[in-house]
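These notes concern the structure reproduced below.
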Amino acid sequence: MRHIIRSRLLPAETGPKWLQSSVSLYKGSLLEVSGHLPEFERRSFGLTQETGARSRLNERLDMIVRRPTDMDPTCVPVGVVSKGYALVPHSEVIRVVQKGLASIGQDTQEASAELELTDYGERMALSVYLPEKHWFHPGDGKPMALRLECRNSVDGSTRFKAFLGWFRFVCSNGLVIGVTRFDVRRRHVGDMALSDIGRALAGGIRASEEEKRNFIKWRDKAVEPERIRAWVEKDLRKGWGFKAAARAWHIARTGWDGTIIGPYKDRTPTTIEVENASYVPGCPPQALNLYDISQILAWLARDRRDLEEQLQWREQISGLLKPLMN
């Protein structure tokens with residue numbers, strides 16, 4: 001599978017970000033994308049004086065340094081950490097992911113994967129798609145794949161996470177399975193227990209059958225336009241703000257994402273003037289059920305520029321839908 005690099009083709013001001021760092025996207029097999037991961041090491045934290053003499057080392061702190069790569073023959077410092085910080089290399093996360101996949105009988109070499117990497121490689125978001133037997137088919141020919149997602153940093157800026165999520169290919173958006181029930185999160189201090197990836201994978205697969213049943217309930221749960229309107233005005237506006245609520249209402253009525261063009265004064269998310277911006281792939285011209293609404297929310301979450309914020313919004317989807325479930 002040919003690699004695709006996304007952020008290098010987009011202007012820096014519009015491309016994806018992760019804590020203000022630009023992000024590159026690589027697609028391929030797990031083996032292929034792992035080849036893009038740089039290596040890191042920790043070094044004593046000190047300075048070189050103008051005379052060339054070395055200053056006293058900091059007794060409490062270390063530096064994390066990216067080693068030279070094929071694209072850059074220099075070392076680059078990427079962070080300063082405490083002596084108690086446990087450096088967890090991205091390559092170690094890959095190794096444990098491969099072990100976890102093998103435990104469920106998946107080919108660890110050919111598993112389809114996506115890798116998002118910051119400029120210096122200090123932060124990594126890895127998604128590995130599970131076999132099709134674990135997918136959800138809603139009946140519209142647009143399946144949702146189940147995938148293992150891992151996030152890691154070597155500089156302490158993002159804690160390690162491993163969780164299962166649903167990904168709808170037609171519109172490139174996702175839902176987090178069970179919100180965070182089978183989420184594994186650890187700080188980089190002491191024993192990281194990366195073996196918990198296997199626990200998250202096994203537990204998430206068991207829960208996925210319940211999630212599929214919930215999706216069917218969402219698909220069969222009709223929601224009238226006036227009820228969607230009231231939910232947008234109250235619950236969604238409170239949770240995600242005026243602009244997201246207005247866009248959701250426009251998508252629910254037209255199948256198109258929208259841009260607010262009218263004045264805000266004396267307007268609400270369902271009365272402000274909005275014009276069509278882009279068609280939302282896989283979205284019906286009118287939202288009729290909870291499943292349709294869930295996909296609108298996933299689309300809006302995907303549109304957040306920062307990767308951490310995308311995940312936060314994805315985790316909130318099930319909670320936002322609760323007022324519409326009764």
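Along the chain, the exposed loop sites are GluC sites (Glu not before Pro) outside DSSP states H, G, I, E and B with at most 13 other Cβ atoms within 10 Å, and the longest stretch free of them is 111-272.
Sorting the Cα pairs of the chain by distance into bins of 20 Å, from 0 upward, gives 29, 52, 18, 1 percent per bin.
Rounded to the nearest 20, the size of the Cβ-charge dipole of region 191-326 about its Cα centre is 300 debye, with Lys and Arg at +1 and Asp and Glu at -1.
Expressed as cubic angstrom per residue, what is the convex hull volume of the alpha carbon set of region 219-321?
Per residue, the Cα convex hull of region 219-321 comes to 96 Å³.
Loop-located chymotrypsin sites (Phe, Trp or Tyr not before Pro) in region 226-326 (DSSP state not H, G, I, E or B) with no more than 14 neighbouring Cβ atoms inside 10 Å: TYR264. Couplings 3J(HN,Hα) for region 128-133, derived from phi with the Karplus relation 6.51 cos²θ - 1.76 cosθ + 1.60 (θ = phi - 60°), are 10, 7, 7, x, 4, 4 Hz, where x marks Gly and Pro. Helices that extend 24 Å or more along their long axis by alpha-carbon positions and average at least -1.0 on the Kyte-Doolittle scale are, among the DSSP H runs of the chain, 196-220, 307-325.
Across the options LEU297, GLY52, GLY28, the greatest Cα extent toward the positive end of the charge dipole of the chain (unit charges at beta carbon of Lys, Arg, Asp, Glu) belongs to LEU297.
Can you tell me the dipole magnitude for the chain around its Cα centre, using point charges on the Cβ only (Lys, Arg +1; Asp, Glu -1), in Debye to the nearest 20?
Working: 49 positive and 41 negative charges, 139 e Å.
It comes to approximately 660 debye.
In the chain, helices alone account for a calculated mean residue ellipticity at 222 nm of -10000 deg cm²/dmol, with every DSSP H run of four or more residues adding -39,500 (n - 2.57).
Read-outs throughout are calculated quantities, based only on the coordinates presented, and are distinct from any laboratory measurement. These figures come from a predicted structure and were not determined experimentally. When we count neighbours, we look across all protein chains shown, and the Cβ atoms used for this are built from the backbone with ideal geometry, even at glycine.
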